[in-house]
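Below you'll find the structure, written out as C-alpha coordinates, and then a few comments.
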Amino acid sequence: MTAVHLPDIPDRPDFLQVCDVNDVSDLADLSERSDIPEGRLPRRVPIRRLRQILCLLPLLLVTVVAVQHRSVLAEGFGHLRHAQWPWLVAAIGATCLTWVAAAVTRQGAVVEALPKRRLLATQFAAGAANHLLPTGLGASAVNLRFMTVCGLPLARSSAALALYMLAETVGRLSLLAALLFAFPDALRLGPLLPDGAVGPLLLVVGAALLVAAGVLASVRRLRTAACSFLRTAFGEARSVHTRPARALALWGGALAFPALQASVLTAVGQALGLPVPPAHMAVAYLAATVAVALVPTPGGIGSVEAALVVALVAAGGPAAVATAVVLAFRIITVWLPLVPGALTLGALVRLKVI
(Lines give C-alpha, C1' and ligand atoms only; values in the text may rest on other atoms or scores of the structure.)
Protein backbone atom coordinates (compact mmCIF):
# COMPACT_ATOMS: atom_id res chain seq x y z
CA MET A 1 0.00 0.00 0.00
CA THR A 2 1.39 3.42 -0.93
CA ALA A 3 1.77 5.76 1.98
CA VAL A 4 -0.29 8.95 1.79
CA HIS A 5 1.46 12.11 2.95
CA LEU A 6 -0.94 14.38 4.83
CA PRO A 7 -0.25 18.07 5.34
CA ASP A 8 0.53 19.30 8.82
CA ILE A 9 -2.70 19.94 10.69
CA PRO A 10 -2.51 22.97 12.98
CA ASP A 11 -3.29 22.17 16.59
CA ARG A 12 -6.15 24.62 16.81
CA PRO A 13 -9.77 23.96 17.85
CA ASP A 14 -11.07 25.89 14.87
CA PHE A 15 -9.40 23.60 12.36
CA LEU A 16 -12.68 21.95 11.36
CA GLN A 17 -14.11 25.38 10.58
CA VAL A 18 -11.16 26.18 8.30
CA CYS A 19 -10.95 22.78 6.61
CA ASP A 20 -13.79 21.98 4.25
CA VAL A 21 -12.45 18.66 2.92
CA ASN A 22 -14.22 15.42 3.61
CA ASP A 23 -11.84 12.56 2.86
CA VAL A 24 -8.20 11.52 2.84
CA SER A 25 -7.92 11.59 -0.92
CA ASP A 26 -8.84 15.26 -1.02
CA LEU A 27 -6.23 15.97 1.68
CA ALA A 28 -3.61 14.09 -0.31
CA ASP A 29 -4.43 16.08 -3.44
CA LEU A 30 -4.20 19.32 -1.52
CA SER A 31 -0.82 18.33 -0.08
CA GLU A 32 0.63 18.09 -3.60
CA ARG A 33 -0.47 21.58 -4.62
CA SER A 34 2.26 24.17 -4.62
CA ASP A 35 -0.04 27.20 -4.48
CA ILE A 36 -1.29 26.43 -0.95
CA PRO A 37 0.97 27.60 1.89
CA GLU A 38 2.29 24.85 4.13
CA GLY A 39 0.00 24.06 7.03
CA ARG A 40 -3.03 25.80 5.49
CA LEU A 41 -6.06 24.50 3.61
CA PRO A 42 -8.57 26.37 1.42
CA ARG A 43 -11.70 27.62 3.13
CA ARG A 44 -14.10 26.46 0.41
CA VAL A 45 -14.47 23.60 -2.00
CA PRO A 46 -15.95 24.62 -5.41
CA ILE A 47 -18.44 21.72 -5.41
CA ARG A 48 -19.99 22.92 -2.17
CA ARG A 49 -20.23 26.47 -3.48
CA LEU A 50 -21.88 25.16 -6.65
CA ARG A 51 -24.42 23.24 -4.56
CA GLN A 52 -25.24 26.41 -2.61
CA ILE A 53 -25.79 28.29 -5.87
CA LEU A 54 -28.08 25.51 -7.13
CA CYS A 55 -30.12 25.81 -3.93
CA LEU A 56 -30.81 29.49 -4.65
CA LEU A 57 -31.24 29.17 -8.43
CA PRO A 58 -34.91 27.98 -8.34
CA LEU A 59 -35.97 31.04 -6.31
CA LEU A 60 -34.13 33.32 -8.72
CA LEU A 61 -35.89 31.72 -11.70
CA VAL A 62 -39.26 32.01 -9.94
CA THR A 63 -38.64 35.72 -9.40
CA VAL A 64 -37.72 36.25 -13.05
CA VAL A 65 -40.79 34.37 -14.33
CA ALA A 66 -43.10 36.17 -11.88
CA VAL A 67 -41.81 39.59 -12.94
CA GLN A 68 -42.29 38.70 -16.59
CA HIS A 69 -45.91 37.63 -15.93
CA ARG A 70 -46.84 40.16 -13.24
CA SER A 71 -49.85 41.46 -15.18
CA VAL A 72 -51.23 37.91 -15.52
CA LEU A 73 -50.72 37.32 -11.80
CA ALA A 74 -52.50 40.54 -10.84
CA GLU A 75 -55.47 39.81 -13.10
CA GLY A 76 -55.69 36.18 -11.97
CA PHE A 77 -55.72 37.05 -8.27
CA GLY A 78 -58.35 39.68 -9.03
CA HIS A 79 -60.66 37.03 -10.47
CA LEU A 80 -60.13 34.78 -7.46
CA ARG A 81 -61.56 37.43 -5.13
CA HIS A 82 -64.97 37.06 -6.79
CA ALA A 83 -65.05 33.25 -6.92
CA GLN A 84 -67.04 30.81 -4.79
CA TRP A 85 -64.55 29.58 -2.21
CA PRO A 86 -65.87 26.02 -1.70
CA TRP A 87 -65.13 25.26 -5.33
CA LEU A 88 -61.70 26.87 -5.04
CA VAL A 89 -60.90 24.71 -2.02
CA ALA A 90 -61.89 21.65 -4.06
CA ALA A 91 -59.61 22.85 -6.87
CA ILE A 92 -56.68 23.27 -4.48
CA GLY A 93 -57.30 19.81 -3.02
CA ALA A 94 -57.35 18.23 -6.49
CA THR A 95 -54.11 20.06 -7.32
CA CYS A 96 -52.43 18.51 -4.28
CA LEU A 97 -53.64 15.07 -5.33
CA THR A 98 -51.93 15.47 -8.73
CA TRP A 99 -48.54 15.22 -7.00
CA VAL A 100 -49.68 12.01 -5.31
CA ALA A 101 -50.79 10.62 -8.67
CA ALA A 102 -47.44 11.56 -10.22
CA ALA A 103 -45.58 9.84 -7.37
CA VAL A 104 -47.69 6.67 -7.79
CA THR A 105 -46.99 6.64 -11.53
CA ARG A 106 -43.25 7.15 -10.99
CA GLN A 107 -43.18 4.24 -8.55
CA GLY A 108 -45.07 2.08 -11.02
CA ALA A 109 -42.40 2.70 -13.66
CA VAL A 110 -39.65 0.95 -11.66
CA VAL A 111 -39.48 -2.45 -9.98
CA GLU A 112 -37.52 -1.30 -6.92
CA ALA A 113 -39.39 0.37 -4.07
CA LEU A 114 -38.55 4.08 -3.92
CA PRO A 115 -38.61 5.98 -0.59
CA LYS A 116 -42.18 7.24 -0.39
CA ARG A 117 -41.72 10.59 1.36
CA ARG A 118 -38.75 11.61 -0.73
CA LEU A 119 -40.57 10.48 -3.87
CA LEU A 120 -43.58 12.68 -3.04
CA ALA A 121 -41.36 15.66 -2.17
CA THR A 122 -39.49 15.17 -5.43
CA GLN A 123 -42.73 15.32 -7.44
CA PHE A 124 -43.66 18.57 -5.71
CA ALA A 125 -40.24 20.01 -6.49
CA ALA A 126 -40.36 18.64 -10.04
CA GLY A 127 -43.60 20.54 -10.61
CA ALA A 128 -41.78 23.80 -9.87
CA ALA A 129 -38.82 22.82 -12.05
CA ASN A 130 -41.19 21.90 -14.85
CA HIS A 131 -42.55 25.46 -14.94
CA LEU A 132 -39.06 26.96 -15.08
CA LEU A 133 -37.63 24.93 -17.96
CA PRO A 134 -39.18 24.19 -21.37
CA THR A 135 -40.97 21.07 -22.54
CA GLY A 136 -40.90 19.15 -19.29
CA LEU A 137 -37.10 19.18 -19.03
CA GLY A 138 -37.20 20.38 -15.43
CA ALA A 139 -39.33 17.54 -14.07
CA SER A 140 -37.44 14.98 -16.15
CA ALA A 141 -34.06 16.16 -14.87
CA VAL A 142 -35.22 16.18 -11.22
CA ASN A 143 -36.71 12.69 -11.42
CA LEU A 144 -33.75 11.28 -13.33
CA ARG A 145 -31.37 12.59 -10.68
CA PHE A 146 -33.61 11.26 -7.89
CA MET A 147 -33.66 7.74 -9.32
CA THR A 148 -29.91 7.65 -9.85
CA VAL A 149 -29.33 8.84 -6.27
CA CYS A 150 -31.63 6.02 -5.13
CA GLY A 151 -29.23 3.55 -6.76
CA LEU A 152 -30.79 2.88 -10.17
CA PRO A 153 -28.29 2.85 -13.06
CA LEU A 154 -28.59 5.74 -15.49
CA ALA A 155 -29.80 3.49 -18.32
CA ARG A 156 -32.60 2.04 -16.21
CA SER A 157 -33.51 5.46 -14.80
CA SER A 158 -33.82 6.82 -18.34
CA ALA A 159 -35.92 3.82 -19.35
CA ALA A 160 -38.23 4.34 -16.37
CA LEU A 161 -38.55 8.01 -17.29
CA ALA A 162 -39.49 7.10 -20.87
CA LEU A 163 -42.02 4.55 -19.60
CA TYR A 164 -43.60 7.18 -17.35
CA MET A 165 -43.89 9.67 -20.22
CA LEU A 166 -45.40 7.01 -22.47
CA ALA A 167 -47.93 5.98 -19.82
CA GLU A 168 -48.88 9.59 -19.10
CA THR A 169 -49.39 10.32 -22.81
CA VAL A 170 -51.44 7.17 -23.36
CA GLY A 171 -53.52 7.92 -20.25
CA ARG A 172 -54.24 11.49 -21.37
CA LEU A 173 -55.17 10.47 -24.91
CA SER A 174 -57.30 7.55 -23.70
CA LEU A 175 -59.21 9.77 -21.29
CA LEU A 176 -59.79 12.35 -24.03
CA ALA A 177 -60.98 9.68 -26.46
CA ALA A 178 -63.35 8.20 -23.86
CA LEU A 179 -64.87 11.60 -23.05
CA LEU A 180 -65.24 12.51 -26.72
CA PHE A 181 -66.97 9.17 -27.33
CA ALA A 182 -69.33 9.78 -24.40
CA PHE A 183 -69.90 13.47 -25.24
CA PRO A 184 -69.40 13.88 -29.00
CA ASP A 185 -70.75 17.45 -28.94
CA ALA A 186 -68.47 18.59 -26.12
CA LEU A 187 -66.03 20.41 -28.40
CA ARG A 188 -66.40 22.16 -31.72
CA LEU A 189 -63.12 21.61 -33.56
CA GLY A 190 -63.71 24.43 -36.04
CA PRO A 191 -62.14 27.20 -33.91
CA LEU A 192 -59.30 24.89 -32.86
CA LEU A 193 -58.33 23.60 -36.32
CA PRO A 194 -58.47 26.20 -39.12
CA ASP A 195 -59.47 25.06 -42.59
CA GLY A 196 -56.62 23.31 -44.36
CA ALA A 197 -54.50 22.92 -41.23
CA VAL A 198 -54.74 19.13 -40.89
CA GLY A 199 -52.87 18.32 -44.12
CA PRO A 200 -49.79 20.50 -43.47
CA LEU A 201 -49.67 19.26 -39.87
CA LEU A 202 -49.60 15.63 -40.98
CA LEU A 203 -46.92 16.47 -43.56
CA VAL A 204 -44.72 18.09 -40.90
CA VAL A 205 -45.10 15.10 -38.58
CA GLY A 206 -44.33 12.67 -41.40
CA ALA A 207 -41.28 14.66 -42.49
CA ALA A 208 -39.97 14.75 -38.92
CA LEU A 209 -40.34 10.98 -38.63
CA LEU A 210 -38.56 10.43 -41.95
CA VAL A 211 -35.68 12.70 -40.92
CA ALA A 212 -35.33 10.89 -37.60
CA ALA A 213 -35.33 7.51 -39.34
CA GLY A 214 -32.74 8.73 -41.86
CA VAL A 215 -30.43 10.00 -39.13
CA LEU A 216 -30.68 6.71 -37.24
CA ALA A 217 -29.99 4.72 -40.41
CA SER A 218 -26.94 6.78 -41.40
CA VAL A 219 -25.21 7.34 -38.04
CA ARG A 220 -24.05 3.99 -36.70
CA ARG A 221 -23.08 5.19 -33.23
CA LEU A 222 -26.44 6.86 -32.73
CA ARG A 223 -28.25 3.77 -34.01
CA THR A 224 -26.32 1.56 -31.60
CA ALA A 225 -27.13 3.83 -28.67
CA ALA A 226 -30.81 3.95 -29.64
CA CYS A 227 -31.02 0.15 -29.95
CA SER A 228 -29.33 -0.30 -26.58
CA PHE A 229 -31.75 2.13 -24.96
CA LEU A 230 -34.75 0.39 -26.54
CA ARG A 231 -33.58 -2.99 -25.25
CA THR A 232 -33.22 -1.55 -21.75
CA ALA A 233 -36.60 0.18 -21.98
CA PHE A 234 -38.42 -2.94 -23.17
CA GLY A 235 -36.75 -5.02 -20.48
CA GLU A 236 -37.78 -2.50 -17.80
CA ALA A 237 -41.36 -2.40 -19.09
CA ARG A 238 -41.54 -6.20 -19.14
CA SER A 239 -40.22 -6.41 -15.57
CA VAL A 240 -42.73 -3.83 -14.35
CA HIS A 241 -45.68 -5.58 -15.96
CA THR A 242 -44.79 -8.92 -14.38
CA ARG A 243 -45.76 -7.32 -11.05
CA PRO A 244 -49.49 -6.48 -10.92
CA ALA A 245 -49.01 -3.88 -8.19
CA ARG A 246 -46.47 -1.95 -10.28
CA ALA A 247 -48.58 -2.18 -13.45
CA LEU A 248 -51.65 -0.96 -11.56
CA ALA A 249 -49.70 1.97 -10.09
CA LEU A 250 -48.28 2.89 -13.49
CA TRP A 251 -51.50 2.91 -15.49
CA GLY A 252 -53.81 3.91 -12.66
CA GLY A 253 -51.65 6.92 -11.86
CA ALA A 254 -51.33 7.75 -15.56
CA LEU A 255 -55.13 7.96 -15.83
CA ALA A 256 -55.63 9.70 -12.48
CA PHE A 257 -53.13 12.48 -13.19
CA PRO A 258 -54.89 14.10 -16.20
CA ALA A 259 -58.30 13.37 -14.64
CA LEU A 260 -57.33 15.34 -11.53
CA GLN A 261 -55.95 18.18 -13.63
CA ALA A 262 -59.17 18.34 -15.61
CA SER A 263 -61.17 18.32 -12.37
CA VAL A 264 -59.21 21.36 -11.17
CA LEU A 265 -60.29 23.32 -14.25
CA THR A 266 -63.85 22.10 -13.80
CA ALA A 267 -63.92 23.25 -10.17
CA VAL A 268 -62.54 26.66 -11.10
CA GLY A 269 -65.14 26.95 -13.86
CA GLN A 270 -67.87 26.19 -11.35
CA ALA A 271 -66.40 28.73 -8.92
CA LEU A 272 -66.51 31.51 -11.51
CA GLY A 273 -69.84 30.54 -13.04
CA LEU A 274 -68.69 29.40 -16.47
CA PRO A 275 -71.83 28.23 -18.32
CA VAL A 276 -70.25 25.04 -19.70
CA PRO A 277 -71.06 21.50 -18.49
CA PRO A 278 -68.28 19.97 -16.35
CA ALA A 279 -67.64 17.11 -18.78
CA HIS A 280 -67.25 19.60 -21.63
CA MET A 281 -64.74 21.61 -19.57
CA ALA A 282 -62.75 18.42 -18.97
CA VAL A 283 -62.72 17.69 -22.70
CA ALA A 284 -61.60 21.26 -23.40
CA TYR A 285 -58.74 20.93 -20.95
CA LEU A 286 -57.50 17.60 -22.31
CA ALA A 287 -57.75 18.79 -25.91
CA ALA A 288 -55.85 22.00 -25.14
CA THR A 289 -53.04 20.27 -23.26
CA VAL A 290 -52.62 17.68 -26.00
CA ALA A 291 -52.45 20.48 -28.57
CA VAL A 292 -49.66 22.37 -26.76
CA ALA A 293 -47.66 19.31 -25.67
CA LEU A 294 -44.89 20.07 -28.18
CA VAL A 295 -44.71 23.82 -27.61
CA PRO A 296 -41.27 24.54 -26.06
CA THR A 297 -42.24 27.06 -23.38
CA PRO A 298 -41.52 26.74 -19.65
CA GLY A 299 -44.41 24.76 -18.21
CA GLY A 300 -46.49 25.77 -21.20
CA ILE A 301 -46.73 29.29 -19.74
CA GLY A 302 -48.47 31.43 -22.34
CA SER A 303 -49.32 28.66 -24.80
CA VAL A 304 -51.48 26.69 -22.35
CA GLU A 305 -53.47 29.80 -21.40
CA ALA A 306 -54.20 30.64 -25.04
CA ALA A 307 -55.14 27.07 -25.93
CA LEU A 308 -57.40 26.72 -22.88
CA VAL A 309 -59.26 29.93 -23.66
CA VAL A 310 -59.81 28.83 -27.26
CA ALA A 311 -60.93 25.36 -26.12
CA LEU A 312 -63.38 26.71 -23.53
CA VAL A 313 -64.84 29.11 -26.08
CA ALA A 314 -65.12 26.20 -28.53
CA ALA A 315 -66.98 24.29 -25.79
CA GLY A 316 -69.56 27.09 -25.63
CA GLY A 317 -68.25 29.45 -22.94
CA PRO A 318 -68.19 33.27 -23.23
CA ALA A 319 -64.71 34.57 -24.03
CA ALA A 320 -64.51 36.93 -21.01
CA VAL A 321 -65.53 34.28 -18.46
CA ALA A 322 -63.34 31.66 -20.14
CA THR A 323 -60.34 33.98 -19.84
CA ALA A 324 -61.06 34.57 -16.14
CA VAL A 325 -61.36 30.82 -15.53
CA VAL A 326 -58.07 30.07 -17.27
CA LEU A 327 -56.20 32.78 -15.35
CA ALA A 328 -57.58 31.56 -12.02
CA PHE A 329 -56.80 27.96 -12.97
CA ARG A 330 -53.17 28.80 -13.72
CA ILE A 331 -52.86 30.76 -10.47
CA ILE A 332 -53.90 27.67 -8.49
CA THR A 333 -51.96 25.06 -10.43
CA VAL A 334 -48.80 27.02 -11.32
CA TRP A 335 -48.21 30.20 -9.38
CA LEU A 336 -49.36 29.29 -5.86
CA PRO A 337 -47.19 26.12 -5.64
CA LEU A 338 -44.23 27.73 -7.43
CA VAL A 339 -42.46 29.35 -4.46
CA PRO A 340 -42.89 26.41 -2.01
CA GLY A 341 -41.96 24.05 -4.82
CA ALA A 342 -38.78 26.03 -5.52
CA LEU A 343 -37.93 26.01 -1.79
CA THR A 344 -38.47 22.25 -1.70
CA LEU A 345 -36.25 21.86 -4.75
CA GLY A 346 -33.48 23.85 -3.08
CA ALA A 347 -33.85 21.81 0.11
CA LEU A 348 -33.63 18.53 -1.80
CA VAL A 349 -30.48 19.72 -3.52
CA ARG A 350 -28.95 20.78 -0.20
CA LEU A 351 -29.85 17.44 1.42
CA LYS A 352 -28.42 15.58 -1.60
CA VAL A 353 -31.72 13.83 -2.28
CA ILE A 354 -31.29 14.94 -5.90
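With the requirement that a residue be touching a residue at least 60 places away in the same chain (Cβ under 8 Å) and either open to solvent by 10 Å² or more (accessible area, probe 1.4 Å) or among the charged types (D, E, K, R) (or both), what does segment 261-272 give you? The answer is Gln261, Ser263, Gln270, Leu272.
The criterion of at least 2 residues that are at pLDDT 90 or above and under 26 Å from Leu88 (Cβ atoms) is met, among helices (runs of 4 or more DSSP H) falling completely within segment 191-294, by 244-271, 278-291. Beta carbons closer than 6 Å, at least 6 apart along the sequence or on distinct chains, pair a first residue in segment 177-188 that is touching a residue at least 60 places away in the same chain (Cβ under 8 Å) with a second that is part of a loop (DSSP other than H, G, I, E, B) for Leu187/Ala315. Among the residues of segment 137-154, those that are loosely packed, with under 15 Cβ neighbours inside 10 Å and over 16 Å from the mean Cα position of the chain (by Cα) comprise Gly151, Pro153, Leu154. For segment 106-125, residues that are open to solvent by 20 Å² or more (accessible area, probe 1.4 Å) and touching a Gly at 6+ places or on another chain (Cβ under 7 Å) total 1.
The values are calculated or read from the model by the stated rules, or taken from the named source; none is laboratory data. These numbers come from a predicted model, not from an experiment. When we count neighbours, we look across all protein chains shown, and the Cβ atoms used for this are built from the backbone with ideal geometry, even at glycine. When the accessible area is computed, the model is the full protein with side chains, heavy atoms only, and any ligands, DNA or RNA have been set aside. Shrake-Rupley method; radii C 1.70, N 1.55, O 1.52, S 1.80 Å.
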